[in-house]
Protein chains: 2
Amino acid sequence: MSIRIGILGYGNLGRGVECAIRQNPDMELKAVFTRRNPEAVKILTNTAKVCPVESIEDWKENLDVLIICGGSATDLPVQTPKYAELFHVIDSFDTHAKIPEHFEAVDAAAKKSGKTAVISVGWDPGMFSLNRMYANAILPQGKDYTFWGRGVSQGHSDAVRRISGVKDAKQYTIPVERALTSVRAGENPDLTTREKHTRECFVVLEEGADPAKVEEAIKTMPNYFADYDTTVHFITEEEMIRDHSRIPHGGFVLRSGVTGWEGENHHLIEYSLKLDSNPEFTSSVLVAYARAAYRLAQEGMSGCKTVFDIPPAYLSAKSGEELRASLL
Amino acid sequence: MSIRIGILGYGNLGRGVECAIRQNPDMELKAVFTRRNPEAVKILTNTAKVCPVESIEDWKENLDVLIICGGSATDLPVQTPKYAELFHVIDSFDTHAKIPEHFEAVDAAAKKSGKTAVISVGWDPGMFSLNRMYANAILPQGKDYTFWGRGVSQGHSDAVRRISGVKDAKQYTIPVERALTSVRAGENPDLTTREKHTRECFVVLEEGADPAKVEEAIKTMPNYFADYDTTVHFITEEEMIRDHSRIPHGGFVLRSGVTGWEGENHHLIEYSLKLDSNPEFTSSVLVAYARAAYRLAQEGMSGCKTVFDIPPAYLSAKSGEELRASLL
């Protein structure tokens, strides 16, 4: 029998989850829940239903795991604790600073209902966190570095779009090659914000807007751009659609450390991702952890977990025996 | 109270474990057990004892975890099941093809005694296996690649040393850059043995030995060298000591896969290690998993586990709360 999955929210992430489920024969998408008019939401899976979110309680006995695909700013802090009262749930909450409080809220709800919850699943937080954690445990004497990109930052793209005179914009975060080279060489550099990443913006202007003014407004924007070296390119709407419709991302997690009685030997652990589609990769991680959530639930576990708490084998459809024989 | 560790076998690996314990304030080395005359074994830790292996049973109540640092060919298949009768144990058994039978033997012994055992801990098997497994679970449609090096292969160095006329030898395994580039480009190449790695040998000849004959013997050696492009350098004993005394290693684990409804988006997951000291890095992984073994034992777990079965957080000295706040 397959693991029966529900998706709450059908944006890029929800659609990615739908695609990922198709790659996992032990899982089945049963329903997509939406706040929009269900008639207007066209999904890809013929055998699944689109339902209004108000009807979700009717599915209480018919879903094994609910994958919550809302945004971290306002959706997930409400949705994940709320639906943990009804379902085993999983989300990709990614506001790093607020993870502890989100964890507490979801943990309390899930413990009360006897459900399993897994939060902050994806690649950062998620696979990057795991790699930081493993590397720290293995090399206690060392230094961590995380670089992001080359990839589209939704937050920074939105910030540019809010500037008067900007019709559309995409912002790419780019790791500085020189910094990466220094870390890889074991130089353990102390890097400023500017030394780690550059930012590149592609902007479509409203008719009559002044490019010099827009460029100045971008480059001096506090928090988002002022501390970075930023390049701005003005392009046409056609070029935007043709060259910047994808949502690639990626990055690097490195730990540079030493071993030996006097720290005489150096080691470098590096993990990197090059992703054509940020939301689809995040979705693929979510679906693997949905399998883990299902198994934890089968064992009667209740409360909230993160990627740190879950045995790797729980993510795989293969048995322990198969895994030991083929991948160990 | 610290986790009390015993080391069985004091070669490069045992010494590496001793050094790694020093970096972990929650652990304490209590004793090193040796088959040699204990008087002849000088260790670095003043507060630990060197004992004959015959006396190990006297330590039954005084060690939390025994880290077994023997070789995979003949030591570990005997030692790990044997000492799992007395202690919570951990080893770095690395003969991939024999892991399933080693697992069964250790699991049976540990279940009988009610002890916790963890086998095949290190980087391959170990961290590389984990990365293969995570990447497979996340990207079910994809292809795996593992490259080793640049690093010293003990087995290949030994094979060269057994050739008549060879006084000393070191063999380096080197990944082929062209193959790595192709994998990273998402080309999903089918690679032959020769296309993945080259081999480089540094050889000190016995007086009067014929270099041409030795080179021929190396390059045509079945299994070890015949299927590879091999370079042979003849050097002096002084050069061997000066330039080839370290035991570096490393490698790359990659998974190239696709997501999307029609597999339209490509993703690359890459994990790599650059290690100055192969045994010291392996030891550092062993010590982190010794902490995990201790915790599993505290929970009353008995039987054999591998890296696939152990929640990542069990490796870290930090609490779940600290980990979520600092590394997630």
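The values are calculated or read from the model by the stated rules, or taken from the named source; none is laboratory data. As the structure is a prediction and not an experimental result, all values here were calculated from the model. Please note: Cβ atoms are built from the backbone with ideal geometry, for glycine as well, and neighbour counts cover all protein chains shown. Quick note on the areas: whole protein, heavy atoms, side chains included, nothing else; ligands and nucleic acids left out. Shrake-Rupley method; radii C 1.70, N 1.55, O 1.52, S 1.80 Å.
Heavy atoms only, probe 1.4 Å: what % of the accessible area of chain B goes to carbon and sulfur, would you let me know?
Ligands and nucleic acids excluded, carbon and sulfur give 48 percent.
For the stretch A:201-293, which trypsin sites (Lys or Arg not before Pro) are both in a DSSP coil and crowded by at most 15 other Cβ atoms within 10 Å?
A:Arg246
Taking the simple approach of a point 7 Å from Cα along Cα-to-Cβ for both B:Lys98 and A:Lys98, what is their distance in nm?
The modelled label-to-label distance comes out at 5.5 nm.
Report ³J(HN,Hα) in whole Hz for each residue of the stretch B:234-244, in order, from the Karplus equation J = 6.51 cos²θ - 1.76 cosθ + 1.60 where θ = phi - 60°; Gly and Pro get x.
Values, residue by residue: 9, 9, 7, 4, 5, 5, 4, 5, 5, 9, 9 Hz.
Can you give the accessible area buried between chains A and B, summed over both chains, with a 1.4 Å probe, in Å² to the nearest 100?
Working: alone 16800 and 16820 Å², together 27230 Å².
Result for this pair: about 6400 Å² buried.
Amide H to amide H under 5 Å from A:Ile247: which residues, 5+ apart in sequence or cross-chain, H placed 1.01 Å off N in plane?
HN-HN under 5 Å from A:Ile247: A:Asn278.
Can you give the accessible area per residue of the stretch A:1-56, in Å², using a 1.4 Å probe?
Values: 2730 Å² over 56 residues.
Value returned for the stretch A:1-56: 49 Å² of accessible area per residue.
Looking only at GluC sites (Glu not before Pro) in DSSP loops with at most 15 other Cβ atoms within 10 Å, what is the longest site-free stretch of chain A?
Longest run free of exposed loop sites: A:86-186.
Taking the label point as lying 7 angstrom from Cα along the Cα-to-Cβ axis, what are the distances from B:Asp210 to the corresponding position in the remaining copies, in ascending order and in nanometres?
Distances between equivalent label points, in nm: 8.7.
Counting pairs of Cα atoms in the protein assembly as shown, how many percent are more than 36 Å apart? Walk me through the numbers before you get to the answer.
Values: 96134 of 214840 pairs.
In whole percent, the share of Cα-Cα pairs in the protein assembly as shown beyond 36 Å is 45.
Taking loop as defined by DSSP and a crowding limit of 11 other beta carbons within 10 Å, which chymotrypsin sites (Phe, Trp or Tyr not before Pro) in the stretch B:228-263 fit?
none
Highest GNM mean-square fluctuation, chain A, Cα pairs closer than 10 Å: which of A:Leu44, A:Leu268, A:Leu63?
With Cα springs under 10 Å in chain A, the top fluctuation among A:Leu44, A:Leu268, A:Leu63 is at A:Leu44.
With +1 on each Lys and Arg Cβ and -1 on each Asp and Glu Cβ, and nothing else charged, work out how big the dipole of the stretch B:91-200 is about its Cα centre, in Debye to the nearest 20.
For this selection, approximately 240 debye.
Relative contact order for chain B using alpha-carbon pairs under 8 Å, separation at least 6, rounded to a whole percent?
Worked out over chain B, it gives 20 percent.
Can you give the calculated 222 nm mean residue ellipticity of chain A, where each DSSP H run of n ≥ 4 adds -39,500 (n - 2.57) and the sum is split over every residue, rounded to the nearest 500 deg cm²/dmol?
Taking each H run of at least 4 residues, the total per residue is -10000 deg cm²/dmol.
Among B:Gln298, B:Gly165, B:Gly260, which residue has its Cα furthest toward the positive end of the charge dipole of chain B, with +1 on Lys/Arg Cβ and -1 on Asp/Glu Cβ?
Farthest towards the positive pole: B:Gln298.
So for the stretch A:1-138, averaging the separation of alpha carbon pairs under 8 Å that are six or more residues apart and normalising by length, what relative contact order in percent results?
Here the relative contact order equals 20 percent.
When Lys and Arg each count +1 and Asp and Glu each count -1, what net charge do the other residues less than 13 Å away from B:Lys213, Cβ to Cβ, add up to?
-3
Using a ≥ b ≥ c from the Cα gyration tensor of the stretch B:55-165 (square roots of the eigenvalues), is it rounded, prolate or oblate, where a/c under 1.5 gives rounded and otherwise the larger of a/b and b/c decides, a/b for prolate? Intermediate values should be presented prior to the final figure.
Working: a/c = 2.50, a/b = 1.28, b/c = 1.96.
In terms of gyration-tensor shape, oblate.
Could you give each residue of the stretch B:264-272 its phi-based ³J(HN,Hα) in whole Hz, using Karplus coefficients 6.51, -1.76, 1.60 with θ = phi - 60°, and x for Gly or Pro?
Computed from phi, the couplings for the stretch B:264-272 are 7, 10, 9, 9, 10, 10, 10, 10, 9 Hz.
Return a whole-number percent for the relative contact order of the stretch A:143-202, with Cα pairs under 8 Å and 6 or more residues apart as the contact set.
37
Skip the ligands, DNA and RNA, and give the accessible area per residue of the stretch A:141-237 with a 1.4 Å probe, whole Å².
Dividing the accessible area of the stretch A:141-237 by its residue count gives 52 Å².
Per-residue accessible area for B:Ile247 at 1.4 Å probe radius, Å² rounded to 10?
The accessible area of B:Ile247 comes to roughly 40 Å².
If you place +1 on the Cβ of every Lys and Arg and -1 on the Cβ of every Asp and Glu, how big does the dipole about the Cα centre of the protein assembly as shown come out, in debye to the nearest 20?
920
Along Cα→Cβ at 7 Å, what distances in nm separate the A:His233 label point from those on the other copies, shortest first?
Reported distances to equivalent positions: 4.3 nm.
Along Cα-to-Cβ, 7 Å out, sits the label point; list in nm, shortest first, how far the one on B:Asp190 is from those in the other copies.
5.5
Going by amide H atoms built from the backbone, whose H comes under 5 Å of the H on A:Met27, apart from near neighbours?
Placed amide hydrogens put A:Ile3 under 5 Å from A:Met27.
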